[in-house]
1. As an exercise, use a Förster radius of 35 Å and the Cβ-Cβ distance of B:Arg149 and A:Thr310 to find the FRET efficiency, rounded to the nearest 0.05.
2. Enter the Cα centre distance for the pair segment A:51-103 and segment B:1-59, rounded to the nearest angstrom.
3. So how do A:Phe275, B:Phe358 rank on accessible area, 1.4 Å probe, biggest first, that is with the largest at the start?
4. Long-range amide H contacts for A:His106: which residues qualify at under 5 Å (H placed 1.01 Å from N, peptide plane, sequence gap of 5 or more or a different chain)?
5. Per residue of A:15-25, what is the mean number of Cβ atoms on other protein chains within 10 angstrom of that residue's Cβ?
6. Going 7 Å from Cα along the Cα-Cβ axis for the label, what nanometre distances separate A:Ala122 from the same residue across the other copies?
7. Given a 1.4 Å probe and no ligands, DNA or RNA in the count, how much accessible surface is buried by A and B, both sides, to the nearest 100 Å²?
8. Output the direction-averaged projected area (hull surface divided by four) of the convex hull of the alpha-carbon atoms of chain B, in nm².
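The values are calculated or read from the model by the stated rules, or taken from the named source; none is laboratory data. On a predicted model such as this, the values are computed, not experimentally measured, just so you know. Methodologically, a virtual Cβ is constructed for each residue, glycine included, from the backbone with ideal geometry; neighbour enumeration extends over all protein chains shown. For the accessible areas, the whole protein counts, side chains as well, though only heavy atoms, and no ligand, DNA or RNA atoms are used. Shrake-Rupley method; radii C 1.70, N 1.55, O 1.52, S 1.80 Å.
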Protein chains: 2
Amino acid sequence: MLIVKKFGGTSVANKERIYNVAKRCIEDYKKGNKVVVVLSAMGDTTDDLIAKAKEINPDPPKREMDALLSTGEQISVALMAMAMAKLGVPAVSLNAFQVVMHTTHHHLNARFKKVDTDRINAELDQGRIVIVTGFQGVNRYDDVTTLGRGGSDTTAVALAAVLNADACEIYTDVDGVYTADPRIVPDARKLKEISYDEMLELATLGAQVLHNRSVEMAKKYNVPLVVRSSLTNAEGTVVKEVTKMESMLVSGVAADKDAARIAIIGLKNTPGIAFRVFDLLAKKNINVDMILQSIGREDSKDISFTVDQTQAKEAVQILKENQERLTFQKLVEEENVAKLSIVGAGMQSNAGVAAKMFEALADVGVNIRMISTSEIRITVLIDIDDVNVAMKSVHDAFIN
Amino acid sequence: MLIVKKFGGTSVANKERIYNVAKRCIEDYKKGNKVVVVLSAMGDTTDDLIAKAKEINPDPPKREMDALLSTGEQISVALMAMAMAKLGVPAVSLNAFQVVMHTTHHHLNARFKKVDTDRINAELDQGRIVIVTGFQGVNRYDDVTTLGRGGSDTTAVALAAVLNADACEIYTDVDGVYTADPRIVPDARKLKEISYDEMLELATLGAQVLHNRSVEMAKKYNVPLVVRSSLTNAEGTVVKEVTKMESMLVSGVAADKDAARIAIIGLKNTPGIAFRVFDLLAKKNINVDMILQSIGREDSKDISFTVDQTQAKEAVQILKENQERLTFQKLVEEENVAKLSIVGAGMQSNAGVAAKMFEALADVGVNIRMISTSEIRITVLIDIDDVNVAMKSVHDAFIN
């Protein structure tokens, strides 16, 4: 078997944890498996490097930011190889230049184009455990790129895909994917399996178990993922194409508290006005999520939408700068809102899921501000203070 | 003009110093020069990385040590590029993979084989300041190598050689090469010029201004070096092939307090016995420096020699393990000794230099334990407590 194992920054934050990871990898190796390990930067290393950069230049060139950030994973892979050597197992660390991990040119947000396998296979054939830097690549100019936060998951999936790995195990500090955050919903259950699509919706919606781009790639190349705990031997959750469904309508409830709602009030009711609003925002790379348009009086309308809180200030500023051209009267921004979503492949063939969700919310007196849906997801915008009670009630209604 | 400028770890230890270096480089750039900057790791970074490695594995694989250590310079070059960007000047950082800096395969102690110029020239042609990681390279297996302590000097000289630079400036915390350590000899003078050979002897003998391998390479490729201070605008010392000599017999006095003397007493007076001793030590990579052989009684002789203090314990152990085969009676190790050297191209054509040195030592009551000479150097071994008074007296005799 060829196994790709990915460990995040907290799993390699100190000597003890590095040895813990080394031992887990060696277990698989000693059973005769080929083992490829993908690591993130240790603990707070990436944050520390960002702070160092911002001290020098609050707006550092992205290319240099990537050159800087990529050192974090280089440190963890070298130290891991040293730990394995100490445990008597041959291991070798490889960075993105050595693999080579080819990406697009976009700094801080690159995507894999091609991953070479010669060097890794040569090292595996020599009987070595291969430890690869997560999160980074090299673009066609031979410059270092990074994949954005959580990019190490994507590195692991990309390697599993090109190496035809038999398993791709993503180790985190939770022991799998839950039907809801167990800190909020004590009754939440761990899922044995979940489909790529469902996992994708959950990953996008604030369940921070897997990076959504890694799930997309796993789906595209049909890489079987397992989400497991680096601290226990619990079984974890398998992410794959077709699930047995466990006869569940809804496989997870997720909340995202990082949303902000912006309402544009009193727009002239002329054709193309909505286009102008969202085109402006798109040009500044601001991702708009839920959108609601309502007719106010006969000659005006209101548009409200949600964005990430981190982008709210910029969105408001751009809109204000264009108030005249957009012909609106007032702008309202709210940050005390949250998105609550249910995800389930089963809801495609079942009517009444939305109604049941709204009922569960009404039962506990939670007001719905906005609604958006996909084939396998329903999301509502609610007051942030209602999140916990809403999540429990919805979880109860569908899962327990 | 194309100028290569090298700055050591203390020159880039914090934000203020990074900006200081950035500004100095930009001055040259704004005069229309092409500027290539070579940097070491910031402050104590390399020591910190070594400590981290030793915590994980007291005897880490050298290959992984190189992979780890190379991150230090990658951090400084990226931060420097960010500082220059903030100052409005286009700059780009390059690591050893990007340049490419080809080296031999020897980890922790690699030597340059070939340095590519395409990428650097392309960046210079784009009007950018190019900032290169010192101290590191890539071997033919695509593995990261390092050049050993002080290796950044060698990186700068290698780049100056292949780029046909008009100047190679090595910035340190002193403002040039002195006739002796000014902390010991207040009368010491800064040299305007010194020859490669003299600088090489001084570098080897404990004047820690330049890495001796960098001087060797500068001599080989006739790269004009300037040693300057990163803190002042003082002129510095030029290191080049032929010097005007400033009509000086001796251009420098240097002391090395890291020597140890080992005496092997009562060896059988048979042919090949000295060979056996030094062959044993050579096989363990122990560098022997001064050697003195004396006939004791008719059937025995004594051999004494000096080694670096760091290798003394190992040398003694190896000799003791072979006491029977080497037929000696007693072993004496002393660490309270020091080497005092005078260096000067002028002494080749002048008799009486040694006599004058010994007289200066006798004048202040300093006992000479051993003597060794080269064409342009005389070294004596003395008691460590005598170093300062001896250095002053010798300096007075020749230089002031």
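1. It comes to 0.20.
2. 19
3. A:Phe275, B:Phe358
4. Those qualifying (amide H under 5 Å, at least 5 residues apart or on another chain) are A:Arg111.
5. 1
6. Between copies, matching label points for A:Ala122 lie 2.3 nm apart.
7. Interface between A and B: roughly 3100 Å².
8. Reported value for the Cα convex hull: 21.8 nm².
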